[in-house]
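The values are calculated or read from the model by the stated rules, or taken from the named source; none is laboratory data. What you see is a predicted model; the values in this text were computed from it and never measured. Neighbour counts run over all protein chains shown; Cβ positions are idealised from the backbone, glycine included.
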Amino acid sequence: MFDAGARSASPSGTRGQAMRCVTAPQCSKQKLFRLPVFLDNLPVSPRIQINTMFETTLAQLERVVADLLQQNRMLAENCSQLEQDLRQAREENDNFQLAALEQEEKQAATLARLRALVERAGASSVA
């Protein structure tokens, strides 16, 4: 354990409640928590309860972070898939637009030929 400071007056004016770093004994990784020094005076049972509470909270935080990371990976995959689908849809749209332009050109050429035929037919019947 490591004392971060001597016992002194806290901002609220109470004395003897300095903070110190404590390593959670059951934790496989060395995690540091800031605990009030007055916990040294507690019997062993409340200390165990506090350590258990910290470990439970830490385990919950680890699960939440793992879940969030998994969701982030899934969202990134979905985003990547959506971007790929969008590129494909844009390419198909471009192809459809080109086909529509070609069709319009063919229809315009056909219309011009029909008008020319109608003109010839009308001119030959007048003559």
First in the range 56-71 and surrounded by 10 or more Cβ atoms within 10 Å (Cβ to Cβ), second anywhere and at pLDDT below 95, Cβ under 8 Å, 6 or more apart
Leu58/Ala24; Leu58/Cys27; Leu58/Lys31
Note: among Ala116, Ala76, Ala99, Ala123, just one is exposed (fewer than 10 other Cβ atoms within 10 Å of the Cβ), assigned to a helix (DSSP H, G or I) and either hydrophobic (A, V, I, L, M, F, W, C) or in contact (Cβ under 8 Å) with a residue 24 or more places away in the chain (or both), namely Ala123
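Go over the candidates Arg7, Arg47 one by one and state the one that is modelled with pLDDT under 75 and part of a helix (DSSP H, G or I).
Arg47
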